[in-house]
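The block underneath contains the structure these notes are about, expressed in structure tokens.
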Amino acid sequence: MLVHSVFFWLRDDIDEVKRQAFRNGLKSLRAIPVVRDMYLGVPADSPSRPVLVTDYDFGLTVIMEDMSGHDIYQEHPLHLEFLREFSGYWSRVQIYDAI
């Protein structure tokens with residue numbers, strides 16, 4: 001199993017309409033055949049502690065079978081379309097892949 005976790009910090013000028021379009025774009029990635037499971041969320045209202053990161057706008061976790069599935073995901077037309085349409089929306093993106 002491969003866990004692909006992506007955290008997005010959106011630009012300050014992204015309004016609520018664009019924010020919703022971005023969320024819908026993330027949701028569209030679920031249709032990529034190698035996606036076994038997917039979770040999309042925003043920072044939880046957890047008690048503050050030094051190791052907790054809460055300044056991101058969206059977190060996406062995608063579960064795939066293995067690294068070959070990950071490679072297929074990266075080149076899939078839906079993923080490439082998401083990048084074309086929305087890569088200008090974020091000021092920062094951080095990715096963590098775990099096996």
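The values are calculated or read from the model by the stated rules, or taken from the named source; none is laboratory data. Computed from a predicted model, the values in this text were never measured in an experiment. Positions of Cβ are generated from backbone atoms using ideal geometry, with glycine treated the same way; all protein chains shown enter the neighbour counts.
Would you pick out the residues in the range 52-99 that are in contact with a Phe, Trp or Tyr (Cβ under 6 Å, 6 or more places away or on another chain), farther than 21 Å from M1 by Cβ and hydroxyl-bearing (S, T, Y)?
Selection gives Y56, Y89, S91.
The conditions are (1) loosely packed, with under 13 Cβ neighbours inside 10 Å; (2) touching a Phe, Trp or Tyr at 6+ places or on another chain (Cβ under 9 Å); (3) small (G, A, S), and A44 fails exactly one of them. Which is it?
Checking A44 against (1) loosely packed, with under 13 Cβ neighbours inside 10 Å; (2) touching a Phe, Trp or Tyr at 6+ places or on another chain (Cβ under 9 Å); (3) small (G, A, S), the one that fails is (2).
Sort through V35, V62 and tell me the only one that's part of a loop (DSSP other than H, G, I, E, B) and either of a type outside the set (A, V, I, L, M) or under 13 Å from the mean Cα position of the chain (by Cα) (or both).
After applying the criteria, what remains is V35.
Six or more apart or on different chains, Cβ under 6 Å: which pairs go from a residue in the range 55-74 that's in contact (Cβ under 8 Å) with a residue 12 or more places away in the chain and within 12 Å of L29 (Cβ to Cβ) to one that's assigned to a helix (DSSP H, G or I) and of a type in the set (A, V, I, L, M, F, W, C)? Could you list them?
Final answer for the pair search is L60/L26.
Just to be sure, is L29 part of a loop (DSSP other than H, G, I, E, B) and either modelled with pLDDT under 95 or among the hydrophobic types (A, V, I, L, M, F, W, C) (or both)?
no
If you go through the range 76-83 one residue at a time, do you hit one that is of a type outside the set (F, W, Y), in a strand (DSSP E or B) and surrounded by fewer than 11 Cβ atoms within 10 Å (Cβ to Cβ)? Walk me through how you get there before you give the answer.
Going through the range 76-83, the residues of a type outside the set (F, W, Y) turn out to be 76-81, 83.
After this cut, where a residue has to be in a strand (DSSP E or B) as well, the list is none.
No - not one qualifying residue is present in the range 76-83.
Before we move on, is H70 in contact with a His (Cβ under 9 Å, 6 or more places away or on another chain), of a type outside the set (S, T, Y) and part of a helix (DSSP H, G or I)?
It is true that H70 is in contact with a His (Cβ under 9 Å, 6 or more places away or on another chain), of a type outside the set (S, T, Y) and part of a helix (DSSP H, G or I).
Can you name every residue in the range 55-69 that is out of contact with any helix residue (DSSP H, G or I) (no Cβ under 6 Å at 6 or more places or on another chain) and surrounded by 11 or more Cβ atoms within 10 Å (Cβ to Cβ)?
So in the range 55-69, the residues out of contact with any helix residue (DSSP H, G or I) (no Cβ under 6 Å at 6 or more places or on another chain) come out as 55-59, 61-63, 65-69.
Of everything in the range 55-69, those that are out of contact with any helix residue (DSSP H, G or I) (no Cβ under 6 Å at 6 or more places or on another chain) and surrounded by 11 or more Cβ atoms within 10 Å (Cβ to Cβ) turn out to be Y56, D57, F58, G59, T61, V62, I63, E65, D66, M67, S68, G69.
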